[in-house]
Amino acid sequence: MTTTIRRITGPFGRERMTVKAFKYRDDMHKFLNRGDNAFQWREVEGFTPGTYASVAGEWINIRKLDEVTLAHV
């Protein structure tokens, strides 16, 4: 079972959520213990690794958005 973590960046209204996956929980903890990663990343469920944009209050993977929609979010 994989463990996923997320980080939200960007100004309000144009936020991006980055999701990383780790095969083992120990690998996730090693990543979080480096630098200030523990302050920026949080555990999340229900998302696959990738980058997401907030569209109409819902997180959608940017690979599923067309170019016009992506330019406006």
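Bear in mind that the values in this text are calculations on the coordinates, not laboratory data. Keep in mind that this is a model prediction, so the values were computed, not measured.
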Open item on the list: Using a Gaussian network model on the chain with a 10 Å cutoff between Cα atoms, which of Arg34, Arg42, Arg63 fluctuates the most?
Closed with: Arg34
Task: Within a Gaussian network of the chain (alpha carbon springs, distance under 10 Å), most fluctuating of Ala53, Ala21, Ala38 - done: Ala38
- [ ] Taking H placed 1.01 Å from N in the peptide plane, check which residues at least 5 places from Leu65 or on another chain put their amide H under 5 Å from its amide H.
- [x] none
Open item on the list: Through the Karplus equation 6.51 cos²θ - 1.76 cosθ + 1.60, θ set to phi - 60°, convert the phi angles of the stretch 7-23 into ³J(HN,Hα) values in whole Hz; use x for Gly and Pro.
Closed with: 9, 10, 10, x, x, 4, x, 10, 6, 10, 10, 9, 10, 10, 10, 10, 5
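Per DSSP H run of at least 4 residues, take -39500 (n - 2.57); add these up for the chain, divide by its residues and hand me the 222 nm value, nearest 500 deg cm²/dmol. Mind dumping the intermediate values first?
Details: 3 runs with 17 residues, N = 73.
Counting only the DSSP helices, I get -5000 deg cm²/dmol.
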Task: Residue of Phe22, Phe12, Phe39 that the Gaussian network model of the chain assigns the largest fluctuation, springs spanning Cα pairs under 10 Å - done: Phe12
